[in-house]
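Peer 1: Got a structure here, written out as structure tokens. Questions coming.
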Amino acid sequence: MPLVHTAIVLLVAAVLAVPLAKRMGFGSPLGYLAAGLAIGPSGLGLIVDVEAIAHVSELGVVMLLFLIGLELRPQRLWVMRKAVFGLGGAQMLLTATALGGGALALGAPLHTSVAVGAGLALSSTAIVLPLLAERDLLSTHAGRNAFSILLFQDLAVIPLVALLPLLGDGGGATPTNSTDAWIAVAKGASAILVVLVGGRWLVRPVFRLVDSAKTPEIFTATALLIVLGTAALVEAAGLSMSLGAFMAGVLLSDSEYRHEVKADIEPFEGLLLGLFFVSVGVSADVAGLKAAPVTMLLLTLGLIAVKAAVVLGLARMVGNTPRGGIRMAAVLAQGGEFGFVLFAQATAGGVMTQGNANTAMLVVTLSMIATPFLFAAAERWIVPRLAGKPVRPFDAITPSAQEDNPPVIICGFGRVGQIVGRVLRLRGIPYTALEKSADQVDFVRRFGNKVFYGDPTRPELLRAAGAETAKILVVALTDMTESLTVVDMAQRVFPHLAIAARARNRRHAHLLMDRGVRIIVRETFHSSLHLTEQVLTAMGMNAEEARHTIETFHTHDQRTLVAQHAVHHDEQQLIQSAHDAARELQSLFEADRPERQKA
């Protein structure tokens, strides 16, 4: 089938299946899986080249792991260390032991059982995160614990892939094979070192150079090049492409370009991840299921039961509510996409036979297909019946949650934005600052300010910066047109946000008032009044008289600003209003002077 026809079939299947699945409450992953089953060899047969689609679909997992790495700043990993390495490590060890023991009891050799246990212990990041995100559960205690488990699993893939060859031939590797295995480990470690060193010293200068061209599409191309290039380099060393993408994300996680890169990559990630789920459905071994349906279903149910039991027990041990425990158990009970990678490696290394690998892969596929149904059933019939512990507002706020979901976003980190940020920091209020000038970002970061590069007029960038959970948007941009663009976009896309805006002048203030903005400060107004007060005292006026003059002018001017808003579109009326206001103010001072002289 020509490439364009394949693309049309994939898009039509997704467009029809995904909205239907979401309308039925099962989430988009199930829609993509169902679409793949429908158009694959076991369905309508519209797509038969399964391998070609699988290669392209791997990019979806690559992009997902990059975005996960992008969110995993070192300080956040340190804060989450107990959950990641404690909870995640316990889940991996207990699940792999139980499933490996089950495989051994069913007659599999020891080395095969080890590979089966390790591969089946992994869950699907590509399924779990979208399911939790669609129900706004990622920020809950259970959601963060589920993410910690997934994160440990993603990190565990690295040594598992590297060390699997050591199990070849039943663990009785010849010296040559052992030498080859250690050479593979050395190559992997070298690739990781190259990525870490190169990324540390090259990424920021490259982005700074690209930004100087002021061509957004080249910035996007650079971001994609870094993701795919790092993934390809790590794959060439014998490790997973996803590992390379994850490392690239971690390298950029503390960069000022993080939010801009995330906004550029997310559209590709969503589409390619959808293609990954379609490929899982297309490649499902329905023939194997037909050959032994009862056996396959029992194995799948056994996998789900074991993983759910382990996760539920651990969830309750670390303080999750019954609701949270059930949610974690339901969403983490499937096999994962990295299981396919491990089983392929195990087959190539002689650790598993092709038949065992096919069986394990089919069980993983069936469990992935079952997960959206299982999670939806838990949400609909089990979770509502369980009593959850009431959570006080401040119980849900942790240091990591505050940093990841700042209540304030500052657009523009120049003279005005920096003052706002400094005061917020003094009061312990977290914020995310966005600045489109790379030079300005580089300059203010030298003084310890946390500011990110990006154009805040882009809704996807504000979303990446946390606008969906923030409370206040501070628009401190110098350019009046850009300022109004951000306000218009924020009111349309993020209507819950309160907006505080810097106005360049009276006209800018009126245009902001047209849009319903209530918190408006003219950038030079108060500093000009303070300067004028100093001039009056220098001219010999006593301090009280100077202060009264400034206060009178300030009150009158603010009242005039509001009154002129009704006529600011009519230049003649606006000019006349200004003349009237000046005469009124003059009269006010003349009437006030005798009274103050008497006093």
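Peer 1: Which ones in the range 247-281 are under 29 Å from Ala360 (Cβ atoms) and under 13 Å from the mean Cα position of the chain (by Cα)?
Peer 2: Correct list: Gly249, Glu269, Gly270.
Peer 1: Let me ask something else about it. Is the range 58-76 home to any residue that is modelled with pLDDT of 80 or more, farther than 21 Å from Met368 by Cβ and open to solvent by 50 Å² or more (accessible area, probe 1.4 Å)?
Peer 2: No, the range 58-76 contains no residue that is modelled with pLDDT of 80 or more, farther than 21 Å from Met368 by Cβ and open to solvent by 50 Å² or more (accessible area, probe 1.4 Å).
Peer 1: Tell me the helices (runs of 4 or more DSSP H) entirely within the range 506-599 that contain at least 2 residues that are open to solvent by less than 90 Å² (accessible area, probe 1.4 Å) and modelled with pLDDT of 90 or more.
Peer 2: 506-514, 525-538, 543-564
Peer 1: Moving on. Of the residues Ala309, Ala330, Ala263, which single one is over 20 Å from Ala133 (Cα atoms) and in a helix (DSSP H, G or I)?
Peer 2: Unique residue meeting the criteria: Ala309.
Peer 1: Has the range 454-474 got any residue that is assigned to a strand (DSSP E or B), under 30 Å from Asp254 (Cβ atoms), in contact (Cβ under 8 Å) with a residue 60 or more places away in the chain and open to solvent by less than 40 Å² (accessible area, probe 1.4 Å)?
Peer 2: So far as the range 454-474 goes, yes, one or more of its residues are assigned to a strand (DSSP E or B), under 30 Å from Asp254 (Cβ atoms), in contact (Cβ under 8 Å) with a residue 60 or more places away in the chain and open to solvent by less than 40 Å² (accessible area, probe 1.4 Å).
Yes or no, residue by residue, for (1) open to solvent by less than 20 Å² (accessible area, probe 1.4 Å); (2) closer than 17 Å to Gly302 by Cβ:
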{"residue": "Ala96", "(1), (2)": "no, yes"}
{"residue": "Ala108", "(1), (2)": "no, yes"}
{"residue": "His111", "(1), (2)": "no, no"}
{"residue": "Val114", "(1), (2)": "no, no"}
{"residue": "Arg135", "(1), (2)": "no, no"}
{"residue": "Arg144", "(1), (2)": "no, no"}
{"residue": "Ser148", "(1), (2)": "yes, no"}
{"residue": "Leu151", "(1), (2)": "yes, no"}
{"residue": "Ala156", "(1), (2)": "yes, no"}
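Peer 1: While we're here: In the range 438-453, how many residues are outside any loop (DSSP other than H, G, I, E, B), touching a residue at least 12 places away in the same chain (Cβ under 8 Å) and either open to solvent by less than 40 Å² (accessible area, probe 1.4 Å) or out of contact with any Gly (no Cβ under 8 Å at 6 or more places or on another chain) (or both)?
Peer 2: Residues that pass the stated criteria total 8.
Peer 1: Condition first: in contact with a Ser or Thr (Cβ under 7 Å, 6 or more places away or on another chain), open to solvent by less than 20 Å² (accessible area, probe 1.4 Å) and closer than 15 Å to Pro372 by Cβ. Now tell me which residues in the range 19-51 satisfy that.
Peer 2: Ala21, Gly36
Peer 1: Which ones in the range 333-365 are part of a loop (DSSP other than H, G, I, E, B) and either open to solvent by less than 10 Å² (accessible area, probe 1.4 Å) or on the phi < 0 side of the Ramachandran plot (or both)?
Peer 2: Ala333, Gln334, Gly335, Gly336, Gly349, Val351, Met352, Thr353
Peer 1: On to the next question. Taking the range 272-304 on its own, how many of its residues are among the hydrophobic types (A, V, I, L, M, F, W, C), open to solvent by 40 Å² or more (accessible area, probe 1.4 Å) and either in a loop (DSSP other than H, G, I, E, B) or in contact (Cβ under 8 Å) with a residue 24 or more places away in the chain (or both)?
Peer 2: Qualifying residue count, the range 272-304: 4.
Peer 1: Within the range 256-270, is there a residue that is surrounded by fewer than 18 Cβ atoms within 10 Å (Cβ to Cβ) and within 23 Å of Met92 (Cβ to Cβ)?
Peer 2: No: the range 256-270 contains no residue that is surrounded by fewer than 18 Cβ atoms within 10 Å (Cβ to Cβ) and within 23 Å of Met92 (Cβ to Cβ).
Peer 1: While we're looking at this one, here's another question. Is it true that some residue in the range 237-244 is buried (at least 18 other Cβ atoms within 10 Å of the Cβ) and farther than 20 Å from Leu151 by Cα?
Peer 2: Within the range 237-244, one or more residues are buried (at least 18 other Cβ atoms within 10 Å of the Cβ) and farther than 20 Å from Leu151 by Cα.
The values are calculated or read from the model by the stated rules, or taken from the named source; none is laboratory data. No experiment lies behind these values; they were computed from the predicted model shown. A quick note on method: Cβ atoms are made from the backbone with ideal geometry, for glycine too, and the neighbour counts reach across all protein chains shown. For accessibility, only protein heavy atoms count, side chains too; no ligands or nucleic acids. Shrake-Rupley method; radii C 1.70, N 1.55, O 1.52, S 1.80 Å.
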